[in-house]
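Below is one structure, written out as structure tokens; comments come after it.
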Amino acid sequence: TGRYEAMWERLNLDLDAHASLLEVLGKFYGDIYMSQQGRLRGMEYLDFVLSEIHGLRIQELQEARANGRKVIGTFCVFVPEEIVWAADAIQVGLCAGAEAGTEAAEKILPRNTCALIKSFVGFKLARLCPFIESCDMVVGETTCDGKKKAYEIFSDYAPVYVMEIPQMKCAADRALWKAEVLRFKQAVEDLTGRSITAERLREAVVLINQRRRALQRLNRLRAAHPVPISGRDVLLINQVSFYDDPKRFTQKIEELCDELEDKVRRGEGVADGAVRLMLSGCPMAIPNWKLPYIIESSGAVVVGEESCIGSRNTRDLVDESASNLDELLDAIVDRYMKIDCACFTPNAERLEHIVDMARELNVKGVIHYGLSFCQPYAMESFKVEKALQEAGFPMVAIETDYSMEDVEQLKTRVEAFVEMV
Ligand code: BJ8
């Protein structure tokens with residue numbers, strides 16, 4: 001880490017607190033990831049990317065900025081990434097999965113705010129995140145009330161731009177969303193000084209679709225018995241997809257999938273005899289690996305994530321057949337309108353997707369994951385449970401945050417569920 005210290009100092013990080021964060025993260029990663037048996041060759045790339053999380057990738061962003069490119073940070077899969085790449089800017093998903101900084105966050109936010117929100121505010125206030133410090137624009141969105149109001153506060157500390165997200169899916173909502181996509185396009189063009197042409201937008205659509213296709217392929221391979229890859233490895237892959245270079249990442253995941261295909265052909269898997277479970281609910285931002293680790297230490301294996309850091313972000317592609325700028329923008333608008341976040345009402349398609357996934361992946365049960373104080377997902381979990389029950393899948397709802405205090409308690413609940421299904 002010595003060679004990056006000057007860069008972190010330039011980014012105004014709190015060097016001591018940052019050093020302890022990296023130390024904790026490294027230890028946590030060792031326990032949860034490196035301890036797995038028969039690790040896939042393809043995961044070496046992910047190990048490398050993670051070991052360089054605040055190093056090499058930040059250096060790349062800094063170099064890009066020195067060459068005049070802009071960096072745009074996001075917290076939600078609603079932000080149309082294609083627009084950002086088409087303006088030759090770089091999009092990074094900002095992590096919000098660790099407890100560090102919570103104390104600072106609670107000085108300007110209510111304590112009963114979900115951990116994800118406290119985390120992104122806390123990382124900024126405690127000067128721990130080189131990604132936020134590398135951003136020329138941070139995009140917020142009007143999804144849940146917590147985030148919506150937190151961006152107002154956050155805008156005192158970072159260059160925040162807020163997109164309005166519709167709450168329903170009628171024609172008027174689509175029109176609102178289209179207007180918002182156009183307004184965002186203008187904002188990105190203003191920031192970068194580049195105008196988005198049909199040609200560049202199409203290239204960006206293909207670039208991001210390719211990444212989604214690679215992740216779809218990965219998810220399909222998990223339908224195999226036994227499953228060829230652990231759930232926590234796939235979670236990490238999904239998390240890294242938000243901040244790694246998309247082209248390089250896609251190529252590495254395709255290689256990993258080749259390896260998995262061979263494994264499936266040979267009938268090899270991880271966790272032989274483990275109970276197949278699926279996760280559904282709130283996103284697990286990096287480095288939030290708590291629940292999958294607990295599940296996979298309790299005689300089960302996670303074979304799917306119905307989540308924004310999971311299939312909700314990869315399921316739908318943008319139609320590539322559009323021939324001009326307007327059509328491409330419409331295709332983008334339509335693709336993002338399909339997102340079935342619990343912030344929508346009604347949100348029946350999410351229930352269908354969950355049941356379909358449970359069937360396709362042949363799971364024994366579903367664990368619904370809610371972050372404490374997250375109302376949209378907590379409310380919706382009742383409907384999810386009912387839909388799953390009717391389809392013959394048992395579900396347990398687990399609510400937690402990022403602290404490690406409840407690990408034993410969660411383990412007991414997960415073990416009881418694994419035994420029951
Ligand atoms: S599209 S899931 S990424 S909003 S956990 S902050 S909902 S109180 S994250 Fe999300 Fe976009 Fe929807 Fe996906 Fe609020 Fe709940 Fe916290 Fe949440």
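I'd like to check one number: the per residue accessible area of the chain, probe 1.4 Å, reported in Å² as a whole number.
Working: 17480 Å² over 421 residues.
The answer is 42 Å² per residue.
Considering only 123, 382, 184, the Gaussian network model of the chain with Cα springs below 10 Å gives its largest mean-square fluctuation to 382.
All Cα-Cα distances of the range 46-112, cut into 10 Å bins from zero to the largest, leave 17, 35, 34, 14, 0 percent in each bin in turn.
For residue 289, the solvent-accessible surface with a 1.4 Å probe is about 0 Å², rounded to the nearest 10.
Okay, helix-only estimate at 222 nm for the chain: each DSSP H run of n ≥ 4 adds -39500 (n - 2.57), divide by all residues, round to 500 deg cm²/dmol; what do you get? It would help to have the intermediate numbers written out before the result.
Working: 18 runs with 215 residues, N = 421.
The per-residue figure over the chain is -16000 deg cm²/dmol.
Just need the Rg to Rh number for the range 63-221, please, alpha carbons only, Kirkwood Rh.
Details: Rg = 16.6 Å, Rh = 16.9 Å.
With Rg and the Kirkwood Rh in hand, the quotient comes to 0.99.
List the pair-distance distribution P(r) of the range 325-421, using every Cα-Cα distance, as the percent of pairs falling in each 10 Å bin from 0 up to the bin containing the longest distance, rounded to whole percents. Computed distribution, short to long bins: 14, 36, 31, 13, 5, 1.
The chymotrypsin sites (Phe, Trp or Tyr not before Pro) of the range 221-265 include none that DSSP puts in a loop with a beta carbon having at most 10 other beta carbons within 10 Å.
Distance between the modelled labels on residue 10 and residue 386, one decimal in nanometres: 5.7 nm (7 Å Cα→Cβ projection). Potential lengthening of the chain between residue 195 and residue 178 amounts to 4.3 nm, from the contour at 0.36 nm per residue minus the alpha-carbon distance. For residue 118, list the aspartates and glutamates whose Cα falls under 15 Å from its own Cα; do not include residues on the same chain fewer than 8 positions away. Reachable aspartates and glutamates: 99, 103, 106, 145, 152, 401. Here the accessible area is traced with a 1.4 Å probe on the protein chains. For the range 1-90, carbon and sulfur cover 49 percent of it.
Under a 5 Å amide H cut-off, with hydrogens placed 1.01 Å from N, residue 301 pairs with 275, 276, 277 among residues at least 5 apart or on other chains. Between residue 91 and 72, the built amide H atoms are under 5 Å apart, and every one of these is 5 or more places off in sequence or on another chain.
The shape of the chain can be summarised by an equivalent ellipsoid whose semi-axes, obtained from the alpha carbon gyration tensor, come to 31, 26, 23 Å from longest to shortest. Expressed as a whole percent, the accessible surface of the range 371-421 that belongs to carbon and sulfur atoms is 54, based on a 1.4 Å probe. Applying the criteria of a DSSP loop state and at most 16 other Cβ atoms within 10 Å to the trypsin sites (Lys or Arg not before Pro) of the range 265-336 yields 266. In this structure, the pairs whose alpha-carbon distance is over 18 Å, taken from 169/338; 107/147; 178/338; 147/386; 290/364, are 147/386; 290/364.
With r defined as the distance between the Cβ atoms of residue 268 and residue 413 and R0 fixed at 30 Å, what FRET efficiency is calculated, to the nearest 0.05?
Details: r = 31 Å, r/R0 = 1.03.
The computed FRET efficiency comes out at 0.45.
Multiplying the residue separation of residue 19 and residue 41 by 0.36 nm and subtracting their alpha-carbon distance yields 5.0 nm. Between 206, 366, 384, find the one with the highest GNM mean-square fluctuation for the chain; connect C-alpha pairs within less than 10 Å. Maximum among the listed residues: 206.
The values are calculated or read from the model by the stated rules, or taken from the named source; none is laboratory data. Keep in mind it's a predicted model, so treat the numbers as computed, not measured. Here Cβ is always computed from backbone atoms with ideal geometry, including for glycine, and neighbour counts include all displayed protein chains. We work out accessible area using only protein heavy atoms, side chains counted, and drop any ligands, DNA or RNA first. Shrake-Rupley method; radii C 1.70, N 1.55, O 1.52, S 1.80 Å.
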